[in-house]
1. State whether the residues of the stretch 226-238 include one that is open to solvent by 40 Å² or more (accessible area, probe 1.4 Å), modelled with pLDDT of 95 or more and within 20 Å of Pro149 (Cα to Cα).
2. Among the listed residues Ala68, Ala78, identify the single one that is at pLDDT 90 or above, within 30 Å of Pro200 (Cα to Cα), of a type outside the set (Asp, Glu) and exposed (fewer than 12 other Cβ atoms within 10 Å of the Cβ).
3. Conditions first: (1) part of a helix (DSSP H, G or I); (2) closer than 27 Å to Thr204 by Cα; (3) open to solvent by 90 Å² or more (accessible area, probe 1.4 Å). Ala93 passes all but one, so which condition is the exception?
4. Take Val63 and decide whether it is over 27 Å from Ile225 (Cα atoms) and modelled with pLDDT of 85 or more.
5. Any chance you could count how many residues in the stretch 116-126 are surrounded by fewer than 21 Cβ atoms within 10 Å (Cβ to Cβ) and part of a helix (DSSP H, G or I)?
6. Counting only residues that are of a type outside the set (S, T, N, Q) and open to solvent by 90 Å² or more (accessible area, probe 1.4 Å), which one in the stretch 36-48 is nearest to Ser220 (Cα to Cα)?
7. So is Ala21 open to solvent by less than 90 Å² (accessible area, probe 1.4 Å) and within 30 Å of Val218 (Cβ to Cβ) or not?
8. Which residue pairs have Cβ atoms under 6 Å apart, sit 6 or more places apart or on different chains, and have a first residue in the stretch 60-78 that is under 24 Å from Ala93 (Cα atoms) and a second that is open to solvent by 30 Å² or more (accessible area, probe 1.4 Å) and not in a helix (DSSP H, G or I)?
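The values are calculated or read from the model by the stated rules, or taken from the named source; none is laboratory data. If you're wondering where the values come from, they're calculated on a predicted model, not measured in any experiment. Neighbour counts are summed over all protein chains in view; Cβ atoms, including those assigned to glycine, are modelled from backbone coordinates with ideal geometry. These accessible areas exclude ligands, DNA and RNA; they are computed on the full protein's heavy atoms, side chains included. Shrake-Rupley method; radii C 1.70, N 1.55, O 1.52, S 1.80 Å.
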Amino acid sequence: MASRSDELQGAKFVDADLRGARFVGVDLSGVVMRGVDVSGVDIDSPWLFDGDSFLRVNDVDVVPLVEAELNRRSPGRADRRAADPEGLRAAWATLERTWAGTLERVAAMPAGTVDVSVGGEWSFAQTLRHLVLATDMWLGRAILEIEQPFHPIGNPDAGTEDDRFDTSIFTTVTPSYAEVLEVRAGRVAMVRDFLATVTPDELTVTRRNPHAEHQETVLSCLHTILGEEWEHHRYAVRDLDAIEAKSDA
């Protein structure tokens, strides 16, 4: 398994057989593919819509097509880039309703569903724990500038560890789902309460990016929270669909 190496930068693969290969956390920016067989390829890129980049398939930039389809599937997702307090409050309210429906769905599924991993991905409970961390990171640490805002049940990803972030504050004991729901509900309320009083001027104030040295506006931090919420909801629903499909087979 090739891992954490730049030795393949600029490499050329000709008539190579990469069937069944799995790329996780790999930088494929600028990759050119010609005359390739991509049948059955499954690509997931949470940063697909960032910046002015493109993803061309047979000379067609498919990014706008993917964006439009995801917005169609998830009403309210398009509002994740709202730029004013009223729009942000509405966007968050939609997210709360969306997650509430998904929580009800999970509650009606067989016991243990919340701890099932599909394809090595996070379980539903682990996803909620990661969103606790995301709220603590971007609201607590970045916007509110709390020195230690993190709840121990937060679930860090590899990127957090790569930032040399002290992950020892997070528990190594799996919390109960009831505790996860309680902490998650508290973090959802924190965002709601912040948005209830935020002003247009406050949205333009700059804060230190919690992962780097550059500055972000409060608005961009909130956009990160909204983006995290929608992306991880997409993952969660995708995996719940897979779990249901397997149980019905």
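1. Checked the stretch 226-238: at least one residue is open to solvent by 40 Å² or more (accessible area, probe 1.4 Å), modelled with pLDDT of 95 or more and within 20 Å of Pro149 (Cα to Cα).
2. Working: Ala78 fails: exposed (fewer than 12 other Cβ atoms within 10 Å of the Cβ).
Criteria check complete, one pass: Ala68.
3. Evaluating Ala93 over (1) part of a helix (DSSP H, G or I); (2) closer than 27 Å to Thr204 by Cα; (3) open to solvent by 90 Å² or more (accessible area, probe 1.4 Å) leaves (3) as the failure.
4. Numbers: over 27 Å from Ile225 (Cα atoms): no; modelled with pLDDT of 85 or more: yes.
Considered against the rule, which asks whether it is over 27 Å from Ile225 (Cα atoms) and modelled with pLDDT of 85 or more, Val63 comes out as no.
5. 1
6. So the first thing to find is which residues in the stretch 36-48 are of a type outside the set (S, T, N, Q), and the list is 36-38, 40-44, 46-48.
When the remaining residues are screened for being open to solvent by 90 Å² or more (accessible area, probe 1.4 Å), the result is 37, 42-43, 47.
Working: Asp37: 39, Asp42: 29, Ile43: 26, Trp47: 15 Å.
By that ranking, first place goes to Trp47.
7. no
8. Glu67/Phe49
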